[in-house]
Amino acid sequence: MTEKRTALTLDAEQTESALPFAALCLEIEKAILELSENRIIRPARQILPLGPLGTLSSLPATSYDLGVHKLVTYCPRNSDKGMPTISATVTAWSEETGQLVLQLDGTTVTTRRTAATSMVAMRLLSRVKEPQVAILGSGVQAEGHLLALAAMYPGASVWISGRSAKNVAALCERHRYLDLSIKPLSNAAFEGIDVVIAATSARQAIYHEPALASRLLIGVGAYLPEMAEYAPAVVRSSQLFIDDPLGGPQEAGDFIQAGVDWSTVRSLAEVMTGKVDIDRPRLFKNVGSAAWDLAAARCALHHLKG
């Protein structure tokens, strides 16, 4: 008789500890290739209504070793109650027995695997070792990208811009211990910036600078067709890349509003085989995928096994 093992359940802090960025980036790179080879199966996310204004999103993925499922609830009325508007859980299931083996805090998984995917894109699409980075936004994803930059690009210089100068200052102060130079971005001055990471909930484009070969643009927000961070002219002037092509036509607001020809948008798997011209402007759209949640579950299980 097969022994039934008790599943491990990690809270937010434990989930963060189990997902060190260097290891997580390696797992995501592995998953990128496996996804392109159909060794990871993931459908488009399913979104159902939950209550009068909320949603319930389902993101499953399976592979030769694990099945994962992330459930995400969005309840905007919670902000009036002083409660989080987003709650998420990631579960991992044994491919061999179908038994639950791990449960992770989904919000932490999303934050860290999103930032790690951006770091993978930086490695593939930018050749700068100690980059000058501008982060647009001062929320959870901006914070996650700060932590990822400190782990993967120690010594980098980071400038942060946001709608609230108070929030930007607080974010800089809270993370002054990191091995980064972190300062507010004064007057949105982008001269000398190697990488721009837009991590906002903007409904209208906030970046209108000319597309430059010397600057990599990364979009993390704009996850709905009516949202955008990069102006259409910027999008159309750039080589376009995306982490998971399946979600792009429904979720990549910047690309949708620019009316891009999706046959010209390259995946990170294609970049790994050399389909990129480093001497032309480049824009990477990070829409997310259940495949990266599977990579995070693998990372956590390896970490826990020591």
Practice item. Could you tell me the largest-minus-smallest coordinate of the C-alpha atoms of segment 89-191 on each of the three principal axes, in descending order and whole angstroms? Key: 56, 32, 22
Check your understanding: Counting only heavy atoms of protein chains, what accessible area per residue, in Å², does segment 56-105 have with a probe of 1.4 Å?
Key -> 53
Check your understanding: On average, how much area does the Cα convex hull of segment 1-76 cover when viewed from any direction, in nm²?
Key -> 7.9
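Taking the Cα centre as origin and putting +1 on Lys and Arg beta-carbons and -1 on Asp and Glu beta-carbons, what dipole magnitude results for segment 75-127, to the nearest 20 debye? Don't jump to the answer; show the numbers that get you there.
Details: 6 positive and 4 negative charges, 78 e Å.
Using Cβ point charges on Lys, Arg, Asp and Glu, segment 75-127 gives about 380 debye.
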Check your understanding: Share of antiparallel DSSP beta bridges in the chain, in percent to the nearest 5?
Key -> 50
Revision key, fill the gap. Filtered hits (lysines, Cα-Cα < 23 Å from Lys30, offset >= 8 within chain) -> Lys70, Lys129, Lys275, Lys285, Lys305
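Considering only protein heavy atoms and a 1.4 Å probe, what is the carbon-and-sulfur percentage of the accessible area of segment 1-138?
Details: 3980 of 7370 Å².
Roughly 54 percent of what the probe reaches on segment 1-138 is carbon or sulfur.
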Review point. Sorted by packing (mean other beta-carbon atoms within 10 Å per residue), highest first, where do 105-113, 254-262, 153-161 land?
Key: 105-113, 153-161, 254-262
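Within the chain, which whole H helices from DSSP have a Cα span along their axis of at least 20 Å and a mean Kyte-Doolittle hydropathy of 1.0 or more, if any? Write out the running numbers ahead of the final one.
Values: long enough: 21-36 (22 Å, 1.23); 106-125 (28 Å, 0.31); 290-305 (23 Å, 0.34).
Helices meeting the span and hydropathy rule in the chain are 21-36.
State to the nearest 20 debye the size of the charge dipole of segment 260-306 about its Cα centre, where the only charges are +1 on K and R beta carbons and -1 on D and E beta carbons. Could the numbers behind the result be given before it?
Details: 7 positive and 5 negative charges, 33 e Å.
The calculated dipole for segment 260-306 is roughly 160 debye.
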Practice item. Give the whole-number value, in cubic angstrom per residue, of the convex hull volume spanned by the C-alpha atoms of the chain. Key: 141
Point to revise | Dipole magnitude of segment 70-221 about its Cα centre (Cβ charges: Lys, Arg +1; Asp, Glu -1), debye to nearest 20 | key: 300
**Study point:** segment 2-156 - convex hull of the alpha-carbon atoms, volume per residue in Å³
**Key:** 148
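For segment 122-231, what's the relative contact order in percent, using C-alpha pairs closer than 8 Å and at least 6 residues apart? Present the calculation step by step, with values, prior to reporting the outcome.
Numbers: 191 pairs, mean separation 30.9, N = 110.
In percent, rounded to a whole number, it is 28.
What part of the accessible area of segment 172-306, given as a whole %, is carbon or sulfur when the probe is 1.4 angstrom?
Values: 2960 of 5890 Å².
Here carbon and sulfur together make up 50 percent of the probe-accessible area.
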**Study point:** Residue among Thr117, Ala295, Ile182 farthest towards the positive dipole end of the chain, charges placed on Cβ
**Key:** Ile182
Study note, to complete from the structure: Shape descriptors of segment 191-306 over alpha-carbon atoms, Rg and Dmax in angstrom, are 15.0, 48
Check your understanding: So how far, in whole Å, is the C-alpha centre of segment 116-184 from the one of segment 51-65?
Key -> 29
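The values are calculated or read from the model by the stated rules, or taken from the named source; none is laboratory data. This structure is a prediction, so every number in the text was calculated from the model and none was measured. Note that we place each Cβ from the backbone using ideal geometry, even for glycine, and neighbour counts take in every protein chain shown. Accessible surface areas use protein heavy atoms only, side chains included; no ligands, DNA or RNA. Shrake-Rupley method; radii C 1.70, N 1.55, O 1.52, S 1.80 Å.
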